[in-house]
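Below is one structure; the comments refer to it alone.
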Amino acid sequence: MNLDEFLSLSVEVRKKTRVRPKARGRYKRRPIRTPDELISIIKSRNTRSLRQYRRTRMADDPSPYDIQKAFGSWKAAQLICFGKAEPFKLPPRPDPTYIINTVVDCDLWKRDAYQDAHRRQPDLVYSTYWVIALFGSWDRLRWAAEQVSMKASLSRWMALRRRLGSSPTMEELNRAGISLDPLRRIYGTRAELKEFLAGLGRQIDKQESASARKSSDTSQANMPSHDGEHPDSERLPTAETNTAISV
């Protein structure tokens with residue numbers, strides 16, 4: 001482009017027109033590598049995909065085009081370097097009973113506690129993925145654990161009894177979803193189990209009655225008298241008393 005051509009351009013085009021040739025750097029020819037050298041480079045990078053190779057490729061590494069040209073395709077190069085890939089294998093499915101026993105033995109009745117235990121010991125406590133995969137929900141796993149935990153069974157029985165005000169019947173237990181199976185494994189007959197629960201109920205009533213009396217006594221001791229004075233405080237002299245003393 002000469003000066004006349006440059007001046008004939010509009011102002012907008014003239015501002016963007018390159019008038020000097022762009023300096024080109026020194027041309028660097030890519031080295032020619034044998035297929036064995038290419039295989040060695042791919043193995044040393046341990047790149048299993050073309051995207052990974054492009055991301056980790058260094059300045060002196062062969063380009064993906066060089067590899068595809070030498071082997072026909074990237075997949076063919078991968079087959080030579082690492083062999084045929086094994087089919088994807090799912091992790092072994094855990095035993096549901098193991099997860100139930102984990103909740104009971106480790107006292108992991110809350111989801112957050114279970115997840116914390118999994119983070120601390122992932123080899124012993126399965127992730128919540130398997131809880132959902134095998135039980136459908138955390139509540140179902142907890143229910144299943146309650147069927148084998150004597151502690152949980154007793155705790156729920158006592159909570160229901162406290163709410164009803166008396167020992168629940170079997171129908172009330174079924175409606176509340178409470179199982180006595182863990183207790184039945186200890187007390188062989190229904191009569192023995194009934195006797196144990198009756199004794200437990202009497203013990204609970206006795207403790208709650210004693211606690212109520214203690215609370216009542218404490219309240220009365222701290223309660224002010226009818227004239228607004230504490231019962232243990234000394235009565236201040238009245239006007240009549242002052243008159244008698246002066247006389």
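For region 71-92, the count of residues that are surrounded by 11 or more Cβ atoms within 10 Å (Cβ to Cβ), at pLDDT below 85 and aliphatic (A, V, I, L, M) is zero. Might you let me know whether region 108-125 holds any residue that is closer than 30 Å to PHE196 by Cβ and either polar (S, T, N, Q) or assigned by TED's automatic domain parsing to the domain that holds ASP205 (or both)? No, there is no match, as no residue in region 108-125 is closer than 30 Å to PHE196 by Cβ and either polar (S, T, N, Q) or assigned by TED's automatic domain parsing to the domain that holds ASP205 (or both).
For region 42-95, taking the residues that are among the hydroxyl-bearing types (Ser, Thr, Tyr) and out of contact with any helix residue (DSSP H, G or I) (no Cβ under 7 Å at 6 or more places or on another chain), the one that is nearest to PHE135 (Cα to Cα) is identified as SER49. With respect to ILE99, is the statement that it is in a helix (DSSP H, G or I), over 30 Å from ILE132 (Cβ atoms) and at pLDDT 85 or above true? For ILE99, the condition - in a helix (DSSP H, G or I), over 30 Å from ILE132 (Cβ atoms) and at pLDDT 85 or above - is not met. With the condition kept exactly as written, say whether any residue in region 173-185 is under 17 Å from GLN203 (Cβ atoms) and at pLDDT below 85. The answer is yes, given that some residue of region 173-185 is under 17 Å from GLN203 (Cβ atoms) and at pLDDT below 85. Criterion first (touching a residue at least 24 places away in the same chain (Cβ under 8 Å), among the aromatic types (Phe, Trp, Tyr), surrounded by 12 or more Cβ atoms within 10 Å (Cβ to Cβ) and in a helix (DSSP H, G or I)) does TRP130 satisfy it? When the stated conditions are applied, TRP130 passes them.
When PHE82, PHE71, PHE6 are screened for being among the hydrophobic types (A, V, I, L, M, F, W, C), in contact with a Ser or Thr (Cβ under 8 Å, 6 or more places away or on another chain) and touching a residue at least 12 places away in the same chain (Cβ under 8 Å), only PHE6 passes. One residue stands out among those in region 163-179 that are surrounded by 15 or more Cβ atoms within 10 Å (Cβ to Cβ) and among the polar types (S, T, N, Q): the one that is farthest from ARG190 (Cα to Cα), which is SER167. Within region 1-45, the residues that satisfy the criterion of being under 30 Å from ILE80 (Cβ atoms) and assigned to a helix (DSSP H, G or I) are PRO35, ASP36, GLU37, LEU38, ILE39, SER40, ILE41, ILE42, LYS43, SER44, ARG45. Of the numbered criteria (1) in a loop (DSSP other than H, G, I, E, B); (2) surrounded by 12 or more Cβ atoms within 10 Å (Cβ to Cβ), the one GLN68 fails is (1). Restricting region 128-164 to residues that are more than 22 Å from the chain's Cα centre (by Cα) and at pLDDT 85 or above leaves a set whose member that is nearest to LEU200 (Cα to Cα) is MET158.
With respect to ARG48, is the statement that it is surrounded by 10 or more Cβ atoms within 10 Å (Cβ to Cβ) and basic (Lys, Arg) true? Taking the combined requirement at face value, the residue satisfies it.
The values are calculated or read from the model by the stated rules, or taken from the named source; none is laboratory data. Everything numeric here is computed off the predicted structure, so don't read it as measured data. Using ideal geometry, Cβ is built from the backbone for each residue, glycine included, and neighbour counts are taken over all protein chains shown.
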